[in-house]
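Read through the structure below, which is laid out as structure tokens, and then see the notes.
The values are calculated or read from the model by the stated rules, or taken from the named source; none is laboratory data. On a predicted model such as this, the values are computed, not experimentally measured, just so you know. Glycine gets a Cβ as well: all are built from the backbone with ideal geometry, and neighbour counts include every protein chain shown.
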Amino acid sequence: MRRVFLSFLGMGTKKNNGLFQYNNAVYELDGIESEETEFVQVAEIRILGPSNFDMILIVATQKSYDTHFKNLRDQLLKAGANELTHIIISEDMSPEGQWAWFEKILDHIEYGDGLTIDLTHGYRSIPIVFSTAINFLQKTRGIILDAVYYGAYDKDQTPSPIINMKDFYIINEWADAVSRLVEDADARKLAKVAENTTDFQVSELNDEDLVKAFGELTEMVRNVDINNIEAKANKAIKLIEEKEQGASITGRLLLRLVLDKFTSIATRGPSTGMYDSAYFLLQLKIIDLLLRHKLFMQAYTVMREFVGSIGMMAIENAGVNNSNGRKRRRRFAEVFVNMVQFPKHEWAFKGQNNEDKEKLMPFYRKLGDIKVEPILRGFSKDLVDYRNGFDHAWTLKKQAYPAIEEKGEEFFKRLKEVVHLLKENNILV
């Protein structure tokens, strides 16, 4: 990894003699004072040590280069620096010009570079433009941001402090984390950023139990561990609500985003562990969450299992999450899915599957009487085909089926109709 010192060179102030100059000053960084110099870059290199950098890169316009670069270069070399690299950029302030500045600088940044950046001197908005691009470099070039310095020159204060603004750039990481949460229902990045936050930056999120709860919750959602999502959501929501009470303004905002995202799949009371109304309503909420965040493979898996769960209502004492219930599910849920996929004249159940089909038949006929069975038959085969396509990465198909999002919404609508009819006819309680 290269260690790069990147700085900007502007014109300074026009003095009475008509020349552009910087004021001499003594600077202080990390409790160490520099010798007097007009260039904050010289003060920083002296304090930090020139041997700590593999390259010193100075960005200047042609005017600032002609006015100051030789003097700056001579002082940096005297301070022990190696030969400088410079970039000349235009004075074009248009959006196109700003983009050209960035790309010219980008061309000198290699993957994994450790960057120490000084934003003190620079032509007009150039340091600001580059400052906003730091997050882009972190994502695309994998740079490590070692420091972001600003020399706060004050003619009435000696020494003038050099401020390290690096910790503020964590805001880019927070923004990325929030985006992942809102767009993808993924709190893992939020947990990772919280782990590395400083005391003054929403430190209330840097809680081992909370970070663990974030991770477990999103893993449950993305891995469609539908029988455990509820418990994980309840645990996470409880911790978040506790943290929210004494949180900072920023902390409350972030915690509220998590609450808004996952409260729908949490419950306020203990689960019965049975295939009852609460169970199916929770499944619908999970499907909705997955579809809204375009986690289609997971959504189709849950919907396919939802159909199988309807058949489990016919089986006495079929627990959702115990060993006996799981054994029965492997038998009866799969048979029921096949019963509603195909018309009766195509059924070809044999052996144990045929015995299980006979046990399900009274319930199957009841579903026909209340118009649920025709709804299930109308879409279950398509649903299973789509889900199997995902399951096999579409390798058994010529290509992925079209309209995955639209079909998902259609299947979801049908499942809600089924639940409505089951409740209306007092089958689902």
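Lys243 fulfils the conditions (1) without any contact (Cβ under 8 Å) to a residue 40 or more places away in the chain; (2) not assigned by TED's automatic domain parsing to the domain that holds Asp186 except for a single criterion, (2). Considering region 309-335, the residues that are in a helix (DSSP H, G or I) and β-branched (Val, Ile, Thr) include one that is surrounded by the most Cβ atoms within 10 Å (Cβ to Cβ), namely Ile310.
Summed over region 44-84, the residues that are more than 19 Å from Gly114 (Cβ to Cβ), charged (D, E, K, R) and touching an Asp or Glu at 6+ places or on another chain (Cβ under 8 Å) give a count of 2.
Meeting the requirement of 3 or more residues that are farther than 17 Å from Asp146 by Cα, the strands (runs of 3 or more DSSP E) wholly within region 26-120 are 55-61, 85-89.
When each of Asn82, Asn52 is tested for being surrounded by fewer than 20 Cβ atoms within 10 Å (Cβ to Cβ) and in contact with a helix residue (DSSP H, G or I) (Cβ under 8 Å, 6 or more places away or on another chain), the lone residue that passes is Asn82.
In region 215-231, which residue that is of a type in the set (A, V, I, L, M, F, W, C) and either in contact with an Asp or Glu (Cβ under 7 Å, 6 or more places away or on another chain) or part of a helix (DSSP H, G or I) (or both) is surrounded by the most Cβ atoms within 10 Å (Cβ to Cβ)? Among them, the one singled out is Leu217.
Within region 163-176, the presence of a residue that is touching a Leu at 6+ places or on another chain (Cβ under 7 Å) and crowded, with 18+ Cβ neighbours inside 10 Å is excluded. Which one is nearest to the chain's Cα centre (by Cα) among residues in region 386-406 that are surrounded by 14 or more Cβ atoms within 10 Å (Cβ to Cβ), at pLDDT 85 or above and not aromatic (Phe, Trp, Tyr)? Taking the candidates together, the pick is Ile404. Of all the listed residues (Lys344, Lys366), the sole one being surrounded by 14 or more Cβ atoms within 10 Å (Cβ to Cβ) and over 45 Å from the mean Cα position of the chain (by Cα) is Lys366.
Just to be sure, is Thr116 out of contact with any helix residue (DSSP H, G or I) (no Cβ under 6 Å at 6 or more places or on another chain), under 28 Å from Gly12 (Cα atoms) and touching a residue at least 12 places away in the same chain (Cβ under 8 Å)? For Thr116, the condition - out of contact with any helix residue (DSSP H, G or I) (no Cβ under 6 Å at 6 or more places or on another chain), under 28 Å from Gly12 (Cα atoms) and touching a residue at least 12 places away in the same chain (Cβ under 8 Å) - is met. When residues of region 243-265 are filtered for being acidic (Asp, Glu) and in contact with a helix residue (DSSP H, G or I) (Cβ under 7 Å, 6 or more places away or on another chain), how many remain? Qualifying residue count for the region: 1.
Here Thr198 meets the list (1) surrounded by fewer than 20 Cβ atoms within 10 Å (Cβ to Cβ); (2) modelled with pLDDT of 75 or more; (3) out of contact with any Ser or Thr (no Cβ under 7 Å at 6 or more places or on another chain); (4) not in a helix (DSSP H, G or I) almost entirely, failing just condition (2).
Quick one: in region 407-429, of everything that is of a type outside the set (Lys, Arg), assigned to a helix (DSSP H, G or I) and without any contact (Cβ under 8 Å) to a residue 60 or more places away in the chain, which residue is surrounded by the most Cβ atoms within 10 Å (Cβ to Cβ)?
If we take residues in region 407-429 being of a type outside the set (Lys, Arg), assigned to a helix (DSSP H, G or I) and without any contact (Cβ under 8 Å) to a residue 60 or more places away in the chain, then Leu421 is surrounded by the most Cβ atoms within 10 Å (Cβ to Cβ).
For Ser160, work out the one condition from (1) hydroxyl-bearing (Ser, Thr, Tyr); (2) within 25 Å of the chain's Cα centre (by Cα); (3) surrounded by 14 or more Cβ atoms within 10 Å (Cβ to Cβ) it doesn't fulfil. Ser160 satisfies all of (1) hydroxyl-bearing (Ser, Thr, Tyr); (2) within 25 Å of the chain's Cα centre (by Cα); (3) surrounded by 14 or more Cβ atoms within 10 Å (Cβ to Cβ) except (2). Take Glu103 and decide whether it is surrounded by fewer than 14 Cβ atoms within 10 Å (Cβ to Cβ), in the same structural domain as Phe39 (by TED's automatic domain parsing) and within 37 Å of the chain's Cα centre (by Cα). Yes, satisfied. If you check Phe262, Phe280 for being in a helix (DSSP H, G or I) and at pLDDT below 80, only one passes: Phe262.
Set side by side, the residues Ile240, Ile171, Ile163 differ, and just one is part of a strand (DSSP E or B) and either modelled with pLDDT under 75 or not charged (D, E, K, R) (or both), which is Ile163.
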